[in-house]
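One structure is given below, encoded as structure tokens.
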Amino acid sequence: MTIPQDLTERRVFSGKLGEVVHVPQPDGRVFERFRRPPGVRMVIVSDRGILLTEEYREETGGVDLRLPGGKVFDDYESFAAARAAGSMTRAAEEAVLREAREEVGLVVTDPELITVAQAGATVEWDLYYYLVREFTEAVEGARPEEGEQIEPVWLTPKEISEAIQQGRMSEWRSVGVLLGLVLPRAFPES
């Protein structure tokens, strides 16, 4: 297989959180890609199970069960600068510490990067998944951003599997990480 070399992309649209780029191919076709800053998700594990959140989500029009997490960057320019500097993993870990405090009121120590899940070929939107086993409760409690409706809930592996089967969890990358990587590793007896 011959791998194309030196395919220079051209930005055709830029918004607050993303851009559309065109990549000309040697045969004259143009591939289009949407790129946005990455997000983080935390798999917070304790003897109570795994901490998830029930959140109202505009895109689903209802309450969705999710892994806690959020954006790594609030704007595209910050993302582009970190991407150019090659410091994405460091920025993702900083986002884990921030989002744990904001969304679920936890002070996280020693988060472990377990995988980076990509969205697909034409959409570049990575999710950095961290396993968290060490944490304490933040004195100030959870402080979600204005407009976020988030309720933390501890679920056992069985309850998570049932919620997935019932369609209560719609972020399928997180479902795959939970079923394929986390539950077999953190709860091998389940």
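The values are calculated or read from the model by the stated rules, or taken from the named source; none is laboratory data. Values in this document were obtained by computation on a predicted structure and should not be read as measured data. Note that we place each Cβ from the backbone using ideal geometry, even for glycine, and neighbour counts take in every protein chain shown.
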Just one of GLU94, GLU99, GLU137 is crowded, with 18+ Cβ neighbours inside 10 Å, of a type in the set (Asp, Glu) and assigned by TED's automatic domain parsing to the domain that holds ASP47; which is it?
GLU99
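Do we find that PHE13 is part of a loop (DSSP other than H, G, I, E, B) and either within 25 Å of the chain's Cα centre (by Cα) or of a type outside the set (Gly, Ala, Ser) (or both) in this structure?
Answer is no for this residue.
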Can you pull out the residues in the stretch 74-130 that are aliphatic (A, V, I, L, M) and within 11 Å of the chain's Cα centre (by Cα)?
ALA92, ALA95, VAL96, VAL116, ALA117, ALA119, LEU127
Looking at (1) modelled with pLDDT of 95 or more; (2) under 19 Å from GLU55 (Cβ atoms); (3) assigned to a helix (DSSP H, G or I), which is the only condition GLU102 fails?
(1)
Give me the residue from the stretch 16-44 that is among the small types (Gly, Ala, Ser) and outside any strand (DSSP E or B) and, out of that set, nearest to LEU181 (Cα to Cα).
GLY18
Any chance THR53 is within 24 Å of the chain's Cα centre (by Cα), under 30 Å from ALA163 (Cα atoms), at pLDDT below 95 and of a type in the set (S, T, N, Q)
no
Out of the residues in the stretch 143-190 that are in contact with a strand residue (DSSP E or B) (Cβ under 7 Å, 6 or more places away or on another chain) and hydroxyl-bearing (Ser, Thr, Tyr), state the one that is surrounded by the fewest Cβ atoms within 10 Å (Cβ to Cβ).
THR156
Looking at the stretch 20-72 only, could you name the residues that are of a type in the set (S, T, N, Q) and either surrounded by fewer than 14 Cβ atoms within 10 Å (Cβ to Cβ) or without any contact (Cβ under 8 Å) to a residue 60 or more places away in the chain (or both)?
GLN25, SER46, THR60
Considering ALA80, ALA92, which residue is farther than 19 Å from SER170 by Cα, assigned to a helix (DSSP H, G or I) and either in contact with an Asp or Glu (Cβ under 7 Å, 6 or more places away or on another chain) or at pLDDT 95 or above (or both)?
ALA92
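Hey, could you check the stretch 105-126 for residues that are aliphatic (A, V, I, L, M) and part of a loop (DSSP other than H, G, I, E, B) and say which is modelled with the highest pLDDT?
My answer is ALA119.
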